[in-house]
């Protein structure tokens, strides 16, 4: 777990270095990577687009919350609003069905501008939120989320109020329709993998280590020369970049965006996804998102089978949330870790139990 | 504007040579009705090593907290190498060469020893916001390795701090305070809870510090305190009531009455 890269001999050739790097990758990564890459061979369009595509997007928004909460100790409820802001900007600056508002900018301009503006907005949210702790951070970011929802619903000149924007589609880059299930699957998979590895990499960089230091012991960090407030705000900015990319993918997937995209239920869903998955590792939110999407997609069928009204899927999600919070406060990841520890304990009764959790 | 900045520059320049390392003038700290510090005036020259003695509740740790900026004093001024830092946030004081250790170790228990020391080295240098992982050849990583050796923790380099023994945590606490280019260090009871051998190691670490690094040490163990300090300030009820050489303080009847004889022997 040292900060430095894996020890390598000084004169190793690029080839040997690459081999060492590849050998350092855990087997689980190869397996999951292969399954995800080959998924389009077995899964149908509905699964690729509606289940996996959506899970990757929600997982990325959950990941931006995991970055703040897991590494920074700051629970922000504004991440969905930041994603939605980027989505709105794509509709406003690019093309949509609302001709009187959309500016028809080219994609290579509106995508970076959308990410930049969303990150700037998040920096502002962060600047106000980081001076508070715990429940007050949640309240301030919730206030931002609620304000964003009501503002988009009431403002017609920019956000087109209640109806929002329809017909927002990705640019036909390289002659590919990126809303087709297979291209969209790979697009979202690529973005999700990139943000996952970025967060993993940054967690061991000076900034990531310092962020975890700020989480554990802000007073000591400041006694080591770190500007604690600046580090926390910068974490909001970075997390926003991931949320913004996810927001853009979300508007492309739905081909529309409206105030409900960042309504309070959606805001809370992100929190549920991150917590059910687990905040200890960047993979947690993706597990949480997949569980959420599967429940949301298939629980109406199950409920219908049990002769219950099929709009009760929220009941199932709520019950699932209760079970996780009650039995495993650190999410599915925590459950997995405890199972592994139990197995290890059984194998070696002398050493297994002594490990501090 | 220009006169203001030039006065800052001249203040910095004067800070380089002639000024005192630490200068407190009439520092008072009140918590509501309780006066934790009352009109404390201390001058410590560069490279000077001072012990602050006093019973529990005398205000020693509050004094440290005011110097590092954890608390702002109710009144009075604090100068660090000639520069008025009274209203500076802690990290700005640390970047000017001030360091401290804590009475109860404040470490990052979820990180390894090397990560803790690396963070400390990073805190007082550039690239605090760097998103790039350090390479093995990173000079700061080298500095972190050297510091770990200086406090005899090289065998536990990759160990999680939560798995270190109490004594090792105290040693790490000192390593964090010596990161970068410290000019003045505040040691808050570094020997508390250490074994006799660990105390000898501690005395050795402190006496082997480069002579330009001054410090103030709070220490209940007179044996340690009087061996590593050139001068002593006695505190009682938030006031400094006596300053002098270690021998003078040791033999002072008033001090013996208040402190040495007061059930602490």
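Readers should treat all values here as calculations from the given coordinates under stated rules, not as data from a laboratory. Please read these numbers as outputs of a predicted model, since none were measured by experiment. Virtual Cβ from ideal backbone geometry, glycine too; neighbours counted across all protein chains shown.
Per-structure values
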| item | result |
| --- | --- |
| Amide N proximity, segment A:238-279 versus residue A:319 label position 7 Å along Cα-to-Cβ, cut-off under 15 Å | none |
| Extension reserve of the residue B:251-residue B:154 stretch, reckoned as 0.36 nm per residue once the Cα distance is removed | 30.8 nm |
| Extension gain (nm, one decimal) between residue A:100 and residue A:120, 0.36 nm per residue minus Cα-Cα | 4.6 nm |
| Crossing angle, helix A:264-277 versus chain A [Cα axis fit, 0-90 degrees, rounded to tens] | 20 |
| Calculated log₁₀ intensity ratio I(q)/I(0) where the Debye formula runs over C-alpha points of segment B:130-253, q = 0.13, 0.20 Å⁻¹ | -0.62, -1.20 |
| Spin-label pair residue A:176/residue A:151, simplified geometry with 7 Å Cα→Cβ offset, distance in nm | 3.5 |
| Length-normalised contact order for segment A:175-232 - Cα pairs under 8 Å, 6+ apart - percent | 20 |
| Virtual spin-label span in nm between residue B:77 and residue B:31, 7 Å along Cα→Cβ | 2.8 |
| Between segment A:11-85 and segment B:192-235, the Cα center-to-center distance that results, in Å | 52 |
| Along each principal axis, Cα extent of chain A, largest first, Å | 68, 55, 48 |
| Gyration tensor (alpha-carbon) shape descriptor, segment A:113-261, a/c threshold 1.5 | oblate |
| Chain B - mean residue ellipticity at 222 nm from DSSP helices (-39,500 (n - 2.57) per run, n ≥ 4, rounded to 500) | -10000 deg cm²/dmol |
| Nitroxide proxy distance, nm - points 7 Å out along Cα→Cβ at residue A:255 and residue A:23 | 5.2 |
| Residue order, fewest to most beta carbons within 10 Å, for A:101, A:57 | A:101, A:57 |
| Segment B:126-179-segment A:238-306 distance, computed between alpha-carbon centres (Å) | 40 |
| Average Cα contact separation per residue, chain A, under 8 Å, 6 or more apart, as relative contact order % | 26 |
| Within a Gaussian network of chain A (alpha carbon springs, distance under 10 Å), most fluctuating of A:66, A:80, A:139 | A:139 |
| Inter-chain Cβ neighbour average for residues A:201-213, partner chain, 10 Å | 6 |
| Rel. contact order, % - alpha carbon contacts under 8 angstrom, at least six apart, segment A:129-286 | 32 |
| Cα gyration tensor shape for segment B:155-220, rounded if a/c is under 1.5, else prolate or oblate | oblate |
| More than 45 angstrom apart: percent of Cα pairs within the protein assembly as shown | 32 |
| Neighbour-count order for A:135, A:92, fewest beta carbons within 10 angstrom listed first | A:135, A:92 |
| Computed Rg/Rh of chain B, alpha carbon atoms with Kirkwood Rh | 0.98 |
| Neighbour-count ranking [beta-carbon atoms within 10 angstrom, fewest first] of A:124, B:209, A:18 | A:18, A:124, B:209 |
